[in-house]
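Single-structure report; data block below.
The values are calculated or read from the model by the stated rules, or taken from the named source; none is laboratory data. The model shown is predicted, which means the values in this text are computed figures rather than measured ones. With ideal geometry, Cβ positions are generated from the backbone for all residues, glycine too; neighbour counts draw on all protein chains shown. All accessible areas refer to the heavy atoms of the entire protein, side chains included, with ligands and DNA or RNA removed. Shrake-Rupley method; radii C 1.70, N 1.55, O 1.52, S 1.80 Å.
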Amino acid sequence: MRATPPSPHPAPRAPRQRPRTGRRWLTRLLFAAVVGLVALCGIGAYLYAQATRLIDARLAEHTDRVLPRIFARPVVLRDRQALSARQLVDRLNELGYTQRVRAEQPGEFAIGRDSIVLGPRGGEAAGLLVRVAFARRTRAAIGGGAIDRVEVVGQGARREVRLEEPLITALVGASREKRRNVPLAMMPTRMRQAVLAIEDRRFYEHPGVDPIGMARALVTNIRGDKRYLVGGSTLTQQLVKNFFLTPEKTVRRKLLEQSTAVLLERRLTKDRILELYLNDVYVGHRGSFAIHGVAEAARLFFGKDISNITLAEAATIAGVIQAPHIWSPFRSIERARDRRNVVLRTMVESGFISGDAARRAAREPLAIAPHALEAEAPYFVDYVGQTLENEHPAIMHSAQAVDVHTTLDLHLQRIAQDAVGEGMARVDRLLASRRRRRARAQVALIAVDPRSGEILALVGGRSYNHSQFNRAIHARRQPGSVFKPYVYLAAFERAQEEGWTDLTPATVVLDEPTTFAFEEKPYQPSNYGNQYDGAITLRHALAFSRNVPAVKVAEAAGFERVADLWQRLGAGTPPRPYPSIALGVFEATPIEIATAYTIFPNLGAVGSLHAIERITAGDRELARVDSTATQTIASRQSTYLVTNMMRSVLNEGTGAGARSSGFALEAAGKSGTTNDLRDAWFVGFTPELLTVVWVGFDDNQPLGLSGTQAALPIWTTFMTRALAGHPDQPFDVPEDIAFADIDEATGKLATLGCTHVVREAFVAGTEPIEPCPLHHF
């Protein structure tokens, strides 16, 4: 069998299967893309859900956050009131009035050559126009001046016109934030434009995140085209970062910030976002307070309502936002001025203002209101908050909008702050001249209406910025000689109870070095400066604050009676019934001293002092203070005798400096100086106003000044200005009080030969019947 020859063309082999690599990679890529897309959708959904919950929660919290608003008593304008045109403008700014060229509507005012025309929003002249004219001699006065005439336009002169209650502040919460929310429509255009120009000029164009702005900021910062760094975050992102998110810096937080910004723009209008931003933005600290919002910044930077700020002031506030710790005018006027001018240039670049307007604004001096925080009465507001927490906790933490109407008189509060500032500058000079310690002395002032117990003004220290310790409420110091009137009151009470006729203001006592024996121990007090007057009346002894006679009177009254009287007043720590009680060697706070002293103008009755008049929620009254509740501690007759004696403190005694400084109204008072000159006090009152002033060091080291030197000048300045234009009012004289002319040296009935005659008060039946034996004709 023949073999088949091999074919020249071998049979083709079966083709080998090539791996489908490209298709596999394509499948994998598609799968990865789908997974990535699902993941992105999941992340997006997560971020959307997170952002939605965040926005809803924070907006609800913002809506529900209704910290109690604190109002002062209504502003009153009256003839001869010690109020300059500048001070009235300040009061109107506090009321939120807008300055116009011509006042026509409620809430507006216009400044004329020698008068101010305003449209009251409240009070009996609401809806009318009121013209306040100032005395010609004080037209240009800034700190001084007086109202010459108050008239309702078209109706004639009024003795006084009452306006509405000024909002002091919203009560500060635990975060110590100060803010006042203002609708966007009430904010001036220049304020909105200044913020938009420097922070986000494309705000009304982007959807919440601005890639164009971010790219432009990056290029600008790399090229160094600006003298300052340009930010890439939009205004909406800033709001989200500060208002909605925590301060952590992570990628997740940045993604959440951007997604929330976009979502927020879909949920709210641009104007609403801008309003939230302008009311929430952080602009620095003053003292312990974090300041939020441009409206609060206008108050604390310039002492103005937001509606009245100038272009330059708006630019200053806007410039602070980026870095308050650098650009705040309270940190550096020069840096703040430079930053203000940067904002003005960006406003020109953004087309908001002309170059001429920017140049004019840049030439304006940057003048801040250094004491604007004190203008909001922070010590008083802290006391109100403390009172609410202690007495009305349910109201304090209520979700409803609550208004707290207080007793504070803003006019008297400003006078108190000025008096304290001027008085403590004088104290500093005195201490420097005596080369005393370098630490600054502190001060407290509290002024009350003794008839109602209303706290009208309260200063708890010389600067709330530097110390928030409220000395008017919490500083426990020895009262010293301001306690002596209670020694005489206890003695007169015992004399009246037991029918004594030889213990009266005209009783003569020997003022000389004396050693007292008590519980078999010697006690030897000395007078201030070791000065002794010999035989003197009790009136003279109190007027010149003699220590030895005070201890003798306390001994006659009984030390236990003196201690019991003070304990019944409920003021300070219970004193021990020792001879030293006559010199006030126990502790009390200024507000406790003020409470105790109301016994004198009220003829033996004492009521508690209060800072809150009523609390309301809308039209509902939640609480009201009963100012009529009093407790009778001493008889009307004994109390009047001591009050009448204290008139001599001012007329010829240790407080006579008040008279030489021009204070002329009927008044009574007592100076106080403690051991080693540690504390300086002065307490004085008229029938309508009682004021306590304390000066000393926080660490209880000796001040080295007496009450007459340190405290009396502050009291005099305050009372003179506070009562300017008020008619002179005598103290009420109770029944069964008789008057007689006596010789000052002997305490006997004055004769024609007596040269120093005093018109003395006595409980009827105790007046002397013997004539003066020294001055017979």
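Summary table below
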quantity: Evaluated over segment 548-623, the Cα radius of gyration and Dmax, each in Å; calculated: 17.2, 59
quantity: Signed unit charges on C-beta, dipole axis of the chain, positive-most listed residue Pro730, Leu603, Pro590; calculated: Pro590
quantity: Close Lys-Lys pairs in the chain, where close means Cα under 19 Å and separation is 8 or more or interchain; calculated: 8
quantity: Whole-angstrom Cα spans of segment 345-430 along principal axes, big to small; calculated: 57, 51, 19
quantity: Derived scalar couplings ³J(HN,Hα) [segment 403-409; Karplus, 6.51 cos²θ - 1.76 cosθ + 1.60; whole Hz; x for Gly, Pro]; calculated: 10, 9, 9, 9, 8, 5, 9
quantity: Percent accessible area from carbon and sulfur atoms, segment 297-355, protein chains only, probe 1.4 Å; calculated: 49
quantity: Mean projected area (nm²) of the alpha-carbon convex hull when segment 293-376 is viewed from all directions; calculated: 5.2
quantity: Under 5 Å, built H, 5+ apart or other chain: amide partners of Thr234; calculated: Asp210
quantity: Extension gain from Arg620 to Ala39, taking 0.36 nm per residue of separation minus the Cα-Cα distance; calculated: 203.7 nm
quantity: Separation between Cα centres of segment 750-765 and segment 273-322, rounded to whole Å; calculated: 65
quantity: Whole-Hz ³J(HN,Hα) from phi, Karplus 6.51 cos²θ - 1.76 cosθ + 1.60, for segment 477-487, glycine and proline x; calculated: 9, 5, x, x, 6, 5, 7, 4, x, 6, 5
quantity: Amide hydrogen neighbours beyond the local backbone of Leu456, cut-off 5 Å, H modeled; calculated: Ala447, Val448, Asp449
quantity: Percent of Cα pairs exceeding the 11 Å cut-off, where the set is segment 539-584; calculated: 63
quantity: Accessible area per residue in Å² at 1.4 Å probe, computed on segment 635-681; calculated: 29
quantity: Estimated FRET transfer efficiency (Phe739, Ser661; beta-carbon r; R0 35 Å; 0.05); calculated: 0.75
quantity: Karplus-derived HN-Hα couplings along segment 193-198 (A = 6.51, B = -1.76, C = 1.60, θ = phi - 60°), whole Hz, x at Gly and Pro; calculated: 5, 4, 5, 5, 5, 8
quantity: Segment 627-690 - charge dipole about Cα centre, Lys and Arg +1 at Cβ, Asp and Glu -1, debye rounded to 20; calculated: 100
quantity: Size descriptor, Kirkwood hydrodynamic radius, that averages inverse alpha-carbon separations across segment 708-750, Å; calculated: 14.2
quantity: Whole-number D in µm² s⁻¹ for the chain, Kirkwood Cα-pair radius fed into Stokes-Einstein, 4 °C, 1.567 mPa s; calculated: 42
quantity: Cα-centred dipole magnitude for the chain, charges only on beta-carbon of K, R (+1) and D, E (-1), debye, nearest 20; calculated: 7000
quantity: Descending Cα extents along the principal axes, segment 704-777, whole Å; calculated: 45, 36, 22
quantity: For segment 377-406 versus segment 658-701, the gap between their alpha-carbon centres in whole angstrom; calculated: 30
quantity: Signed unit charges on C-beta, dipole axis of the chain, positive-most listed residue Met347, Ala394, Ala634; calculated: Met347
quantity: Residue among Gln417, Ile769, Gly36 farthest towards the positive dipole end of the chain, charges placed on Cβ; calculated: Gly36
quantity: Hull-based mean projected area of segment 637-777, where the convex hull spans the alpha carbons, in square nanometres; calculated: 10.5
quantity: For segment 456-496, the fraction of alpha-carbon pairs in successive 5 Å shells from zero, as %; calculated: 6, 18, 15, 14, 14, 11, 10, 7, 4, 2, 0
quantity: Unit charges on C-beta of K, R, D, E only; dipole of segment 416-539, Debye; calculated: 1220
